[in-house]
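Each remark here refers to the structure printed beneath this line.
The values are calculated or read from the model by the stated rules, or taken from the named source; none is laboratory data. Computed from a predicted model, the values in this text were never measured in an experiment. Counting neighbours? That spans all protein chains shown, and the Cβs are built from the backbone with ideal geometry, glycine included. Only protein heavy atoms, including side chains, enter the accessible area calculation; ligands, DNA and RNA are left aside. Shrake-Rupley method; radii C 1.70, N 1.55, O 1.52, S 1.80 Å.
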Amino acid sequence: KEMKQYYTPEQVLKTLRRCQEVGVNFWQSAGKNSELYQQFVAEGGRMRYISLGNDPKEIGPLVKAGCVAIAHHGEVTDRLFKTGQLDTIPDLLKAVRDAGLMVGVSTHMPAVVDAIASKGWDVDFFMCCVYERHRSAEELQKLLGAVPIPVGEVYLQSDPPRMFKVMRQTKRPCLAFKILAAGRLSARREWGENAFKQTVAGSKPTDGVIVGIYDKFTDQPGEDAGFTKRFGASAG
């Protein structure tokens, strides 16, 4: 609620301008923000726009807004995978391709990247959440031998290496996201710094990173860009 109150359209544009100043070159958001992106571009913004989506009706407006890529929404992707319906996704991907946009699939599960890669789908990139945050209570019980109370989003330190492994194995560029565990690693600077270092070290040269920003209290765009440039340079 606090973030929604803070991010008025004017503040979103201000944050985007700051992101551009420090070298961020893409904004990944939902289709609902496409009009705001158009305003940003009209005012001189040069960042590109990537959207999530799973509705063919969204494609036309996103093309008109100047979107360059659409990734199938990760929550939907994973639900279809778990219910054995992953093969229903290519119809949307084809529609995105036919519209002239880059085609992606977002997921929170390394197994989904493996499955799609083995099927040889026509995709340009993957969006990869480095934490498999939506395990069921039964899955957590099997994995940990215990279930947290209450069962909500669970972020395990052992998850990022699993996703980094499949990111390196696929030839497709991957965009790692939620590297700060949905803000949990923002509590201390050294935690956030290490998350960026770990992500760069675990990625291919063609990969990228998506980071959520809440810049009310600190210059998070500058901090994030600084970490990325620093560790990216050291990785060669």
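Just checking, does the range 54-73 include any residue being under 26 Å from Asp114 (Cα atoms) and either in contact with a Cys (Cβ under 9 Å, 6 or more places away or on another chain) or part of a helix (DSSP H, G or I) (or both)?
Pass one, the range 54-73, residues under 26 Å from Asp114 (Cα atoms): 54-56, 68-73.
This time we only want the ones that are either in contact with a Cys (Cβ under 9 Å, 6 or more places away or on another chain) or part of a helix (DSSP H, G or I) (or both), so: 56.
Yes, because at least one residue in the range 54-73 is under 26 Å from Asp114 (Cα atoms) and either in contact with a Cys (Cβ under 9 Å, 6 or more places away or on another chain) or part of a helix (DSSP H, G or I) (or both).
Would you mind stating whether Arg97 is basic (Lys, Arg), out of contact with any Cys (no Cβ under 6 Å at 6 or more places or on another chain) and at pLDDT 95 or above?
Working: basic (Lys, Arg): yes; out of contact with any Cys (no Cβ under 6 Å at 6 or more places or on another chain): yes; at pLDDT 95 or above: yes.
Yes, satisfied.
Please go through the range 208-236 and pick out each residue that is acidic (Asp, Glu) and touching a helix residue (DSSP H, G or I) at 6+ places or on another chain (Cβ under 6 Å).
Restricting attention to the range 208-236, the residues satisfying the condition of being acidic (Asp, Glu) are 215, 219, 223-224.
Once the filter is applied, which keeps residues that are acidic (Asp, Glu) and touching a helix residue (DSSP H, G or I) at 6+ places or on another chain (Cβ under 6 Å), the range 208-236 yields only Asp215.
Return yes when Ala30 is among the aliphatic types (A, V, I, L, M) and over 22 Å from Lys178 (Cβ atoms) and no when it is not.
Working: among the aliphatic types (A, V, I, L, M): yes; over 22 Å from Lys178 (Cβ atoms): no.
So Ala30 fails the test.
Please identify the pairs in which a residue from the range 76-100 that is farther than 23 Å from Arg133 by Cβ has its Cβ atom under 9 Å from the Cβ atom of a residue that is among the acidic types (Asp, Glu) and open to solvent by 70 Å² or more (accessible area, probe 1.4 Å), counting only partners at least 6 apart or on another chain.
Pairs that qualify, where the first residue is farther than 23 Å from Arg133 by Cβ and the partner is among the acidic types (Asp, Glu) and open to solvent by 70 Å² or more (accessible area, probe 1.4 Å), are Pro90/Asp122; Leu93/Asp122; Lys94/Asp122; Arg97/Asp122.
Is it true that Met163 is touching a residue at least 60 places away in the same chain (Cβ under 8 Å) and under 19 Å from the mean Cα position of the chain (by Cα)?
On the way: touching a residue at least 60 places away in the same chain (Cβ under 8 Å): no; under 19 Å from the mean Cα position of the chain (by Cα): yes.
No.
How do the pairs read when you match residues in the range 207-219 that are open to solvent by 60 Å² or more (accessible area, probe 1.4 Å) with residues anywhere that are modelled with pLDDT of 95 or more, using Cβ under 7 Å and keeping only pairs 6 or more apart or on different chains?
Filtered contacts from the range 207-219: Lys216/Tyr6.
Within the range 207-214, is there a residue that is closer than 23 Å to Ser29 by Cβ, β-branched (Val, Ile, Thr) and outside any loop (DSSP other than H, G, I, E, B)?
Within the range 207-214 (the criterion being closer than 23 Å to Ser29 by Cβ, β-branched (Val, Ile, Thr) and outside any loop (DSSP other than H, G, I, E, B)), the answer is yes, since at least one residue qualifies.
If you scan the range 7-38, which residues turn out to be loosely packed, with under 15 Cβ neighbours inside 10 Å, more than 19 Å from the chain's Cα centre (by Cα) and more than 15 Å from Asp219 (Cβ to Cβ)?
Thr8, Pro9, Glu10, Glu35 - these are the residues of the range 7-38 that are loosely packed, with under 15 Cβ neighbours inside 10 Å, more than 19 Å from the chain's Cα centre (by Cα) and more than 15 Å from Asp219 (Cβ to Cβ).
Yes or no: Lys229 touching a strand residue (DSSP E or B) at 6+ places or on another chain (Cβ under 7 Å) and either among the hydroxyl-bearing types (Ser, Thr, Tyr) or open to solvent by 50 Å² or more (accessible area, probe 1.4 Å) (or both)? Explain how you work it out, then say what you get.
Working: touching a strand residue (DSSP E or B) at 6+ places or on another chain (Cβ under 7 Å): no; either among the hydroxyl-bearing types (Ser, Thr, Tyr) or open to solvent by 50 Å² or more (accessible area, probe 1.4 Å) (or both): yes.
It is false that Lys229 is touching a strand residue (DSSP E or B) at 6+ places or on another chain (Cβ under 7 Å) and either among the hydroxyl-bearing types (Ser, Thr, Tyr) or open to solvent by 50 Å² or more (accessible area, probe 1.4 Å) (or both).
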